[in-house]
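Asker: Structure provided below as structure tokens; questions to follow.
The values are calculated or read from the model by the stated rules, or taken from the named source; none is laboratory data. Everything numeric here is computed off the predicted structure, so don't read it as measured data. Quick reminder, even Gly has a Cβ in these numbers, built from the backbone with ideal geometry, and neighbours come from all protein chains shown. Only protein heavy atoms, including side chains, enter the accessible area calculation; ligands, DNA and RNA are left aside. Shrake-Rupley method; radii C 1.70, N 1.55, O 1.52, S 1.80 Å.
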Amino acid sequence: MADDMLKSTNLPQNPERATLEGRNKFMGFWFFLGGETVLFASLFGTYLALKNSTVDGPAANEIFGLELVFIMTIVLLTSSLTSVYAMYHMKNNDPKKMQLWLGITVALGLTFLGLEIYEFYHYVHGYHFGYTTSAFSSAFYTLVGFHGAHVAFGLGWIVSLMIRNAKRGVNLYNAPKFYIASLYWHFIDVVWVFIFTVVYLMGKVG
Amino acid sequence: MSATAKKAGFGATLWDYLTTVDHKKIAILYLVAGMFFFLLGGLEAMIIRIQLIEPNNDFVSAQFYNEVLTMHGTTMIFLAAMPLIFALMNAVVPLQIGARDVAFPFVNSLGFWLFFFGGVMLNVSWFVTGAPDAGWTAYAPLSIFSEGHGVDFYAIGLQISGFGTLMGGINFIVTVVNMRAPGMTYMRMPLFTWTAFIASVLILFAFPALTVGLFLMTFDRLFGANFFDPAMGGNAIIWEHLFWIFGHPEVYILILPAFGVFSEVIPTFAKKRLFGYSSMVFATVLIAFLGFMVWAHHMFTVGLGPIANSIFAVATMAIAVPTGIKIFNWLFTLWGGSIRLTSPMVFALGFIPTFTIGGMTGVMLASAAADFQYHDSYFVVAHFHYVIVGGVVLGLFAGIIYWWPKMFGTMLNEKLNHWFFWLFFIGFHLTFFIQHFLGLMGMPRRYWIFLEDQGLDLFNFISTIGAFFMAAGTILFLINVVITQAKGVKVSGDPWDARTLEWAIPSPPPFYNFQQEPLVRGLDPLWIEKMEGDGKIQPAEPLGDIHMPNNSFVPFMMSLGLFIAGFGVMFQGSYWILAVIGFGITAGSMLYRSFKDDLGYHVHKEDLEDEKGDGSNG
Amino acid sequence: MADNTNSTNEKQQFYRKKHKEEMKHHVLTFAMMIAFTLIAFGLVISGVSAMFTVPIILVLAAVQVLFQLYYFMHMNQEGHEMPALMIYSGIFAAILTVLALTTIVWWGS
Amino acid sequence: MMKGWMSKFKAIFALIVLALVLSGCGKPFLSALQPKGEGAEMIYDLMILSIVIMLFVFVVVMVIYTIVIIKYRQKKDDPDFIPKQTEGSHALETLWTVIPIILLLILAVPTVQYTFALADTSPEINEEGEEQDSLWINITGAQYWWHFEYDGLEVSTSQELYIPTDRRVYLSMSSQDVIHSFWVPAIDGKMDVNPTGNTNEMTLLAKEEGVYWGKCAELCGPSHSIMDFKVIAVSPGEFEQWVKDMQGVTGEETPESATAQEGQQLFADNCMTCHAVGSSPNKIGPNLTNFGDRLKIAGVVDYNKENLIEWIQTKGKEMKPGNHMQDAPYNLKDEEAEKIAEYLMGLSPSDITPESAEDSVYKDSDLSSLFPEEEAEGEGEQSQDGESEEGSDGEGSSEDGAEDENSDEENNEE
Ligand code: HEA
Ligand code: HEA
Ligand SMILES: [Cu+2]
């Protein structure tokens, strides 16, 4: 049975849910995401409560630029699609292509993260909008930063999965791992959709 | 593997517990740690009561009193009640649903170690600049302005142990969803499993709010953020909301499993099926649901305005209905039964009137206008000790005594247990009944001293005397444990003549729980087999190999890493090195874990056959 | 477990076809998400009044999220009843939390 | 076993009843069970209603409970008896769902009414049906003392709040540091005193003259338990006189004795950066205008010269752990402290003192002399005397708060 788990031939339709361990991981991770929803809601709520508390610092519509955010959004949305492609190839038991698409996902994620760091740098140095400037700034950096940290963690996770499984195919043992990593990646995207809407777009229209 | 190990040395046993992923051993770890913290919290309670034995007492200083009071609340809720609940859940839930294991043995162990190191972290504060002093609710901005590192220990310690709780919660949800034995439908699950399940769901959705609150507090205190500092545009009320969005569900996380225990104990010792099983399940779910919509009843005096106050008042009162359903269902389970007054049953019987009083004062508190008088007075202290001690603690002791034979294979001395109960129960009412009146007579809570000539002397004195009774009772229980384990007289698998699946296997159960997956034919499966079959559960599968997870030291290391890192984050400066080391250990352990395939091992059919009939094997 | 190779192959073929079908949906979903994003940004840039813009972009965001959940994360497939239940419970708690922090904090003052 | 249980229960019960009788349910100046004010009375009614409902529930539960325990114990002669395994009963289950709902409705309706009534800060209507002028008091909580400013009257006090009986006074409360909570159990329920941004309002109406004890009810630091204050309710006429007397104080008045005069000078040199005599906006330390009439030093310590000197010399370190006077830079010799004490204890600008609240003199008044005609023009007037300045400098940061209608009391001029 243990050997079965590591065999990469003869995969069922949903390899991620074919074993009890897989089903457990799958369920547990979804539930975790349910909890994460509340986590981000608390951060969003805090941000919304404090978004006008700028004290002497700059306000939202003075600093946010939409061009960069738009690019970041497209990059992250695309990475969501590329990770779907990776899962597609995983289910077709085509590990090479899966790794390729995961690689693209990682590259897009890195781009996103780079842009975000550039954005923060820009705010701090261009507008003197630091973490401790006002209640608004703390709330902004914490919310967006929490998301950024999730992206960074996701990247580390996917990369380590890619490395670990570089030399072996998809099997019942690692398929659930790939699958929940991709769930996580989509969830990051979900959060971002709200960030760009609630923080940036609504910050712009006031 | 360890099944065949005979008498292991101390080192080997220690190593076994440090690395175990067996839910039954994790249960014992939770039990020991939880009891330790319960004694610690009780000791702190005794300091509180001694300080308040007479007016203007100077037994402890003002600052120290605040630290003791904060640590009493925090320790009791997070480090005593929660882990003791997890102890019972770990010991019982997998057995009750006929599972060989929990869904995530590794995560389960990680959950314990995170809780444990978080708890140790909190208590290290006593020796470093002093313990947190802003109350267990840590209201900002007092908690932000609090000097020293006490509140940092609070924020980071609870953060770490909170992660542990969250993981434990997810583990149990998945266990219940995915691992039930054939025939164990949702509506055949024992009520303890149901309540454990629902409490875990509450954990999943309530703890993230605390996580965020604690993060914000940490950032405010250590990194100059401005969430709660009014001078910088922050708003202190945000903390109150975040805390209570977590905090109110938390009290139901505590009480629901206790309800579950009583729903097992009462049918067993009344020899009757639980009255209104499906309405009990429904009431549990309803309490959990409503529990999310009432948090602002802790904030009636904050100034949310009459609209919000009225909404939350009515929503809070609504919870009395499902809880009442439960009370009456228990009473009618007893009705027409054949009641045996064993010690778990006596605890259950003590619980019913006590909790009813606590619930009734809860409904009185829910009356928003009247809460303007009750709030932050000893009336509230009395209310929540009635529900927590009279509900949760009695439930925990009932559960511990009831499942003790299952966990350890020995039977606690019934006579001593009865003594324990009476001392504790009488002491409890002496301590807390009178506090209702103290509150109404104008004594606010969290008071280091009360002044003379306010008419508060006598009742405070009586209250303190009561606390000594409770302490005496608790000590009897400890003595009982020591005596019982020293004698080590083994008992059968079903010493109480009980009804549910866990009693169908030996006490303590073999490490794989069930040789063959059991076939469940209805509610109270063992009872059914006793009445309609030969008293043995039928297997649902032929005897085969059993897959078991490997032990692992990684959870310990991951938690240790966070523990070390916490100090680095707190003290900063050159201590940052600790953060680097700590996070390094944690990250390294995670990588190690993900790079090493952990496929577990198999217990072979032949070995199982050898063991057949040898019930006492562990 | 001992399928014969022939029928296994057939099965694999069948799965592949199904997966391909799904993938088409996903690409379509993706296109819609990009479109929604464009609309949202467009609305804000064009400076339409906030009264009008804010509800619309919030709805667009919500729909995008449902796309992610139901298509990219496969919540539309069977075996997702529990995940759906938990996600919706999470959303319920999330809405309460946001509501608390955006409105109730201020009601009294 | 059974017998023992019952007798123990009875014993506890008897003890409780006895203790209750002995104490008479607390002291009248402190107890919420002996209401002396409008709010406390309303709440007391609500308490009684809820207790009656709860007792009914408790009796029902206990009756079933007792029957069950007595009747359904395992029979010694038939230990193997197997009871009928009932699944439940729809009729019963409906019964104990519906009856609690009804009971809760009975409680919920007055709860909602009273919640709105207690939050009502609109002006009082007199017998002629006219709106009366409202006496607003701005309350500031600070670690560990209370400051009271009579809005528009140029009167400030600390620690002891004088109010007229039979007339609502309107409180507007905020804190200058952490959260406190203002509670005078005998007159009304409590209300939190929040830092900047969340100002709370409530009313207070004392129905009997008297000195009532007030408490801080929200943990605010080491000396939380001794952040006491007093509410001195005097008849309206006496109150009017008190205000007039207080308005006259400038702090420049020369005391009679020479020691006190020296004390005044020393006070000016050492203490005035934090304290004030005469009307002043809230400062770092309590206002001492009528210190000579105080009942307690620092709200809790017995009022006598020794204690006062000790307080001055130790800066209250032991008497109020963690208080901010400890940081005061002054350094006095003992005799200097004594002189200051002499000066302070002579500060008694009014004949209206706590004693006036305890004697049986009742002077009526409609307080109209406190509200000169031009005041009626509008509430904007309030902002002139400066007290809303400290409210507003931090307030700019919480614009959401300002948008709300309720707060225009404070923010009108912005
Ligand atoms: C296990 C813990 C637990 C439980 C179960 C409860 C249960 C309840 N609690 Fe309690 N509560 C706490 C723990 C708990 N509480 C704690 C720790 C605090 C203080 C925190 C702090 O500030 O430090 C607190 C504080 C608290 C407050 C805030 C008080 C204040 O600070 O001003 C309120 C106000 O509404 C409240 C209400 C209730 C209600 C209505 C219930 C209900 O669930 C009770 C329902 C039960 C019954 C009603 C009895 C059985 C029912 C019947 C027999 C049916 C018929 C009954 C009627 C018709 C009335 N609680
Ligand atoms: C699970 C929760 C729980 C439990 C079980 C208890 C148990 C007890 N609590 Fe309390 N308590 C809280 C949760 C709990 N408490 C909370 C949340 C607060 C609010 C804190 C805050 O305001 O922030 C509080 C506050 C609180 C106060 C109010 C303090 C104040 O406001 O100033 C008081 C005062 O009487 C008190 C007393 C007690 C007593 C006498 C017990 C007793 O039941 C304890 C019984 C147990 C023992 C007595 C242990 C006996 C053993 C020994 C003494 C032996 C030691 C030996 C060895 C170490 C070998 N508690
Ligand atoms: Cu609550």
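Asker: Find, to one decimal place in angstroms, the Kirkwood hydrodynamic radius of the stretch B:262-396, where the mean of 1/r is taken over every pair of different Cα atoms and then inverted.
Answerer: Numbers: mean 1/r = 0.0630 Å⁻¹.
For the stretch B:262-396, inverting the mean 1/r across all distinct Cα pairs yields 15.9 Å.
Asker: Here's a follow-up. Given a 1.4 Å probe and no ligands, DNA or RNA in the count, how much accessible surface is buried by D and B, both sides, to the nearest 100 Å²?
Answerer: On the way: alone 23250 and 23880 Å², together 38710 Å².
Counting both chains, the buried surface is close to 8400 Å².
Asker: Given a 1.4 angstrom probe, I'd like the percentage of the accessible area of the stretch B:1-149 that is carbon and sulfur, rounded to a whole number.
Answerer: Values: 3450 of 4740 Å².
Looking at the stretch B:1-149 in its full context, I get 73 percent from C and S.
Asker: What percentage of the solvent-accessible surface of the stretch D:135-368, computed with a 1.4 Å probe over protein heavy atoms, is contributed by carbon and sulfur atoms? Intermediate values should be presented prior to the final figure.
Answerer: Working: 3610 of 7860 Å².
Of all accessible area on the stretch D:135-368, carbon and sulfur atoms account for 46 percent.
Asker: Ignoring ligands, DNA and RNA, how do D:L30, C:L96 rank by accessible area with a 1.4 Å probe, largest first?
Answerer: On the way: D:L30 0, C:L96 35 Å².
Solvent-accessible surface, decreasing: C:L96, D:L30.
Asker: Starting from the Kirkwood Rh over alpha-carbon pairs, what translational D in µm² s⁻¹ does the stretch A:47-108 have by Stokes-Einstein at 25 °C and 0.890 mPa s? Don't skip to the end; give the middle numbers.
Answerer: Values: Rh = 14.2 Å.
In µm²/s, the coefficient is 172.
Asker: Could you give me the ³J(HN,Hα) list for the stretch B:182-188, computed from phi with Karplus coefficients 6.51, -1.76, 1.60 and θ = phi - 60°, whole Hz, x at Gly and Pro?
Answerer: x, x, 7, 6, 4, 7, 10
Asker: What is the Å³ per residue value for the convex hull set by the Cα atoms of chain B?
Answerer: Values: hull volume 92.5 nm³, N = 618.
Convex hull of Cα atoms, per residue: 150 Å³.
Asker: For the protein assembly as shown, what is the Kirkwood hydrodynamic radius in Å, using each pair of distinct C-alpha atoms? Don't skip to the end; give the middle numbers.
Answerer: Values: mean 1/r = 0.0297 Å⁻¹.
With all distinct Cα pairs of the protein assembly as shown included, I get 33.7 Å.
Asker: Averaged per residue, what accessible surface does chain A expose to a 1.4 Å probe, in Å²? Numbers along the way, then the final one.
Answerer: On the way: 6700 Å² over 206 residues.
The answer is 33 Å² per residue.
Asker: Something else now. Quick one: of B:K536/D:K84; A:K96/B:K596; D:K244/D:K283, which pairs are farther than 30 Å apart, Cα to Cα? Walk me through the numbers on the way to the answer.
Answerer: Details: B:K536/D:K84 22 Å; A:K96/B:K596 22 Å; D:K244/D:K283 22 Å.
Too far apart for the 30 Å limit: no listed pair.
Asker: Right, something else. What is the log10 of I(q)/I(0) for chain C, computed with the Debye formula using one identical point scatterer on each Cα and no solvent, at q = 0.13 Å⁻¹?
Answerer: -0.75
Asker: Also, I was wondering about something else. What's the angle, to the nearest 10 degrees (0 to 90), between helix A:95-127's Cα axis and the longest principal axis of chain A?
Answerer: Between the helix axis and the principal axis of chain A, the angle is about 10 degrees.
Asker: Return the sequence-ordered ³J(HN,Hα) values of the stretch A:128-137 in whole Hz as given by the Karplus equation 6.51 cos²θ - 1.76 cosθ + 1.60 applied to θ = phi - 60°, using x for Gly and Pro.
Answerer: Result, ordered by residue: 6, 10, x, 4, 9, 4, 7, 4, 4, 5 Hz.
Asker: Return the long-range amide H neighbours of D:T165 (sequence gap of 5 or more, or a different chain), with a cut-off of under 5 Å between placed amide H atoms.
Answerer: D:V234, D:S235
Asker: About the Cα centre of chain B, how large is the charge dipole given +1 on each Lys and Arg Cβ and -1 on each Asp and Glu Cβ? Please answer in debye to the nearest 20.
Answerer: Using Cβ point charges on Lys, Arg, Asp and Glu, chain B gives about 1060 debye.
Asker: Now for a separate question. Estimate for me the total accessible surface buried between chains B and A (protein heavy atoms, probe 1.4 Å, no ligands or nucleic acids), in Å² to the nearest 100.
Answerer: Details: alone 23880 and 10520 Å², together 31340 Å².
Result for this pair: about 3100 Å² buried.
Asker: Expressed as a whole number of Å, what is the distance separating the alpha-carbon centroids of the stretch A:1-72 and the stretch D:163-221?
Answerer: 46
Asker: Per residue, how many Å² of accessible area does chain B show with a 1.4 Å probe? Please list the in-between numbers first.
Answerer: Details: 17550 Å² over 618 residues.
Here the residues of chain B average 28 Å² of exposed surface.
Asker: Output the residues of the stretch B:193-215 meeting this criterion: accessible area (heavy atoms, 1.4 Å probe) in the chain alone minus accessible area with all protein chains in place is 10 Å² or greater.
Answerer: B:F197, B:V201, B:L204, B:F205, B:P208, B:A209, B:T211, B:V212, B:F215
Asker: Also: Considering every residue in C:60-71, what mean count of other chain Cβ atoms within 10 Å of its Cβ is obtained? Walk me through the numbers before you get to the answer.
Answerer: Numbers: counts 3, 9, 3, 1, 7, 8, 1, 3, 8, 4, 0, 2.
For this peptide, the per-residue mean of nearby foreign Cβ atoms is 4.
Asker: What number results when the radius of gyration of the stretch D:257-328, computed over Cα atoms, is divided by 2.2 N^0.38 Å?
Answerer: On the way: Rg = 12.2 Å, N = 72, 2.2 N^0.38 = 11.2 Å.
So the Cα radius of gyration is 1.09 times the expected 2.2 N^0.38 Å.
Asker: Further question on the same structure: Over the stretch A:92-160, what percent of the accessible surface lies on carbon and sulfur atoms, probe 1.4 Å? Intermediate results must be reported in sequence, preceding the final value.
Answerer: Numbers: 2040 of 2760 Å².
Carbon and sulfur atoms account for 74 percent of the accessible area of the stretch A:92-160.
Asker: Sorted from largest down, give the three principal axis spans of the alpha carbons of the stretch D:135-368, whole angstrom values.
Answerer: Projected onto the principal axes, the Cα atoms of the stretch D:135-368 cover 47, 38, 28 Å.
Asker: So which DSSP H runs in chain B come out at 24 Å plus along the axis (Cα) with average Kyte-Doolittle of at least 0.5?
Answerer: For chain B, where a helix must reach 24 Å along its axis and average at least 0.5, the hits are B:23-51, B:105-124, B:150-178, B:191-223, B:236-270, B:343-366, B:414-440, B:457-487, B:554-571, B:576-595.
Asker: Please state the charge dipole magnitude for the stretch C:8-109, taken about the Cα centre, from unit charges on C-beta atoms (+1 on K and R, -1 on D and E), reported in debye and rounded to the nearest 20.
Answerer: Details: 6 positive and 5 negative charges, 64 e Å.
Here the size comes out at about 300 debye.
Asker: Right, next: Percent of Cα-Cα pairs more than 22 Å apart in the stretch A:122-202, please.
Answerer: Tail fraction, whole percent: 43.
Asker: Sequence-distant or interchain residues sharing an amide H contact under 5 Å with D:R73, placed H: which?
Answerer: B:I339
Asker: Further question: Compute, for B:F172, the solvent-accessible surface of its heavy atoms (probe 1.4 Å) with the complete set of protein chains present, and express it in square angstrom to the nearest 10.
Answerer: Approximately 0 Å² of B:F172 is accessible to the 1.4 Å probe.
Asker: If you roll a 1.4 Å probe over the heavy atoms of the protein chains, what accessible area per residue do you get for the stretch C:2-76, in Å²?
Answerer: Values: 4290 Å² over 75 residues.
Here the residues of the stretch C:2-76 average 57 Å² of exposed surface.
Asker: For chain C, take the longest principal axis of its alpha carbons; what is the angle in degrees between that and the long axis of helix C:5-45, to the nearest 10 within 0 to 90?
Answerer: 20
Asker: Considering amide H positions built from the backbone, and no H for Pro or chain starts, which residues 5 or more places from D:W146, or on another chain, come under 5 Å of its amide H?
Answerer: The list, which skips near neighbours in sequence, is D:Q159.
Asker: What does the buried accessible surface come to for A and C, summed over both chains, with the probe at 1.4 Å? Round to 100 Å².
Answerer: Details: alone 10520 and 9000 Å², together 14970 Å².
Summing both sides, the interface buries roughly 4600 Å².
Asker: Helix A:175-194 versus the longest principal axis of chain A: what is the Cα-based angle in degrees, 0 to 90, to the nearest 10?
Answerer: Tilt of helix A:175-194: around 20 degrees.
Asker: Within the P(r) computed for the stretch A:9-73, what percentage of the Cα pairs occupies the region above 13 Å?
Answerer: Numbers: 1616 of 2080 pairs.
For the stretch A:9-73, the share of Cα pairs beyond 13 Å comes to 78 percent.
Asker: Rank-order A:196-202, B:114-120, D:357-363, C:31-37 by packing density, defined as the average count of other C-beta atoms within 10 Å over each peptide's residues, highest first.
Answerer: Result, highest mean first: B:114-120, A:196-202, C:31-37, D:357-363.
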